[in-house]
Amino acid sequence: MDLSDFIADFSYPEIGSPKKNQTYARMILNDCGGMVSEMSSYALYEYDAVITRGDELLSPAFQQIRNTERKHLEIFLELAFALGADPRLWEVSPQPQSTKMRYWSPSRLPYAANTKVMLQNAIALERASIAVYEKQLNEIKDESVQNILRRILIDEQMHMSLFRALLEETTGR
């Protein structure tokens, strides 16, 4: 399996100077540090890369996707800041009046040492990320933010395809 088949080889849109919008900023903060977030994906795939070390197929795949998720995290943190948020790793209520915030924690990750379960968890996390970003695309009306979401969404769809292919190749399912 050629991992390069699962990499989008075009750049990410510039963040630029979007109009400050606390509602959008809160959505993007959740993409940074919520349960379904780039931080969660990055941390889980870092763990998975270590656990699968020595596997010439799985470990490089988890490393590749981990690096992409780290890039997404960087983009979303910068975007949240540009939209007017304090770019911490926390999830926040989408309600502008709410001050309820919950810091990201690795204790909520679905760690697994079994390859099949590991890949199933990765597929579920990518599927959840895709659903969140698609919902945000419908709710966010700022074109520059939409362009960033669309580009990251392409990566997440490719990640899910790769994890599905890896599951099929390694377990026959």
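Given the structure, is Gln63 in contact (Cβ under 8 Å) with a residue 40 or more places away in the chain, over 19 Å from Val145 (Cβ atoms), in contact with a helix residue (DSSP H, G or I) (Cβ under 8 Å, 6 or more places away or on another chain) and not charged (D, E, K, R)? It is false that Gln63 is in contact (Cβ under 8 Å) with a residue 40 or more places away in the chain, over 19 Å from Val145 (Cβ atoms), in contact with a helix residue (DSSP H, G or I) (Cβ under 8 Å, 6 or more places away or on another chain) and not charged (D, E, K, R).
Answer with yes or no whether Arg164 is in a helix (DSSP H, G or I) and under 23 Å from Ile15 (Cα atoms). So Arg164 fails the test. Residues of the stretch 36-85 being part of a loop (DSSP other than H, G, I, E, B) and of a type in the set (Gly, Ala, Ser), which ones? Selection gives Ser37, Gly54, Gly84, Ala85. Of all residues in the stretch 62-79, those being of a type in the set (Asp, Glu) and surrounded by 21 or more Cβ atoms within 10 Å (Cβ to Cβ) number 1. Among the residues of the stretch 140-154, the one identified as acidic (Asp, Glu) and either crowded, with 16+ Cβ neighbours inside 10 Å or assigned to a helix (DSSP H, G or I) (or both) is Glu143.
A residue that is within 28 Å of Ser161 (Cβ to Cβ) and touching a residue at least 12 places away in the same chain (Cβ under 8 Å) occurs nowhere in the stretch 93-102. Taking each residue of the stretch 37-48 that is among the small types (Gly, Ala, Ser) and looking for partners that are part of a helix (DSSP H, G or I) and surrounded by fewer than 24 Cβ atoms within 10 Å (Cβ to Cβ) with beta-carbon atoms closer than 7 Å, six or more apart or interchain, yields Ser37/Asn30; Ala43/Pro106.
Of the residues making up the stretch 101-139, just one is over 18 Å from the mean Cα position of the chain (by Cα), surrounded by 13 or more Cβ atoms within 10 Å (Cβ to Cβ) and part of a loop (DSSP other than H, G, I, E, B), namely Ala112. Among residues of the stretch 1-47 being within 30 Å of Arg108 (Cα to Cα) and acidic (Asp, Glu), the one that is surrounded by the fewest Cβ atoms within 10 Å (Cβ to Cβ) is Glu46.
Listed by first and then second residue, the pairs linking a residue in the stretch 4-29 that is under 15 Å from Phe76 (Cα atoms) and of a type in the set (Phe, Trp, Tyr) to a residue that is part of a loop (DSSP other than H, G, I, E, B) and modelled with pLDDT of 90 or more, with Cβ atoms under 7 Å apart and 6 or more places separating them unless they lie on different chains, are Tyr24/Leu83; Tyr24/Ile140; Tyr24/Asp142.
The values are calculated or read from the model by the stated rules, or taken from the named source; none is laboratory data. Note that this is a predicted model, so its numbers are computed, not measured. Every residue, glycine as well, gets a Cβ built from its backbone with ideal geometry; the counts of neighbours run over all protein chains shown.
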